[in-house]
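Report on the structure given below.
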Amino acid sequence: MYQILLVAYLIIAIALIGFILIQQGKGANAGASFGGGASGTVFGAAGAGNFLSRTTAVLATAFFAISLVIGNINSHRNNVETGKFDDLSKVAEQVQEKQQSAPAVDKKNSDIPQ
């Protein structure tokens, strides 16, 4: 699962970079027009702006969501491997046994004034 998320994350990141680089800036239409037949283009007469903007938004959302999932998986990976989420009643019993078997502290030689 983790490897699949990493591969998808990488593919989405590369696609997102590509779609951002393909888009035209706000001042791109100020120059001379290159090729007057806009209706014969791949994206139609309306241009690629709407398609590219929506695709970029979807890729950015997927990139953000996968980032959160991968971060969550990484934050809990050590806890599961070391057994920190095991049965807590066993841990509580062990702590109580250690506290009961601990020797009494001699307060006569204590450095702390009373």
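Remarks
- Which listed residue, of F51, F63, F85, is assigned to a helix (DSSP H, G or I), modelled with pLDDT under 90 and aromatic (F, W, Y): F51
- L68 meets all of the listed conditions (1) open to solvent by 80 Å² or more (accessible area, probe 1.4 Å); (2) modelled with pLDDT of 90 or more; (3) farther than 17 Å from Y2 by Cβ; (4) not small (G, A, S) but one, namely (3).
The values are calculated or read from the model by the stated rules, or taken from the named source; none is laboratory data. All of these numbers come straight from a predicted model, not from anything done at the bench. Positions of Cβ are backbone-derived with ideal geometry, glycine not excepted, and every protein chain shown enters the neighbour counts. The accessibility values were calculated without ligands, DNA or RNA, using every heavy atom of the protein model including side chains. Shrake-Rupley method; radii C 1.70, N 1.55, O 1.52, S 1.80 Å.
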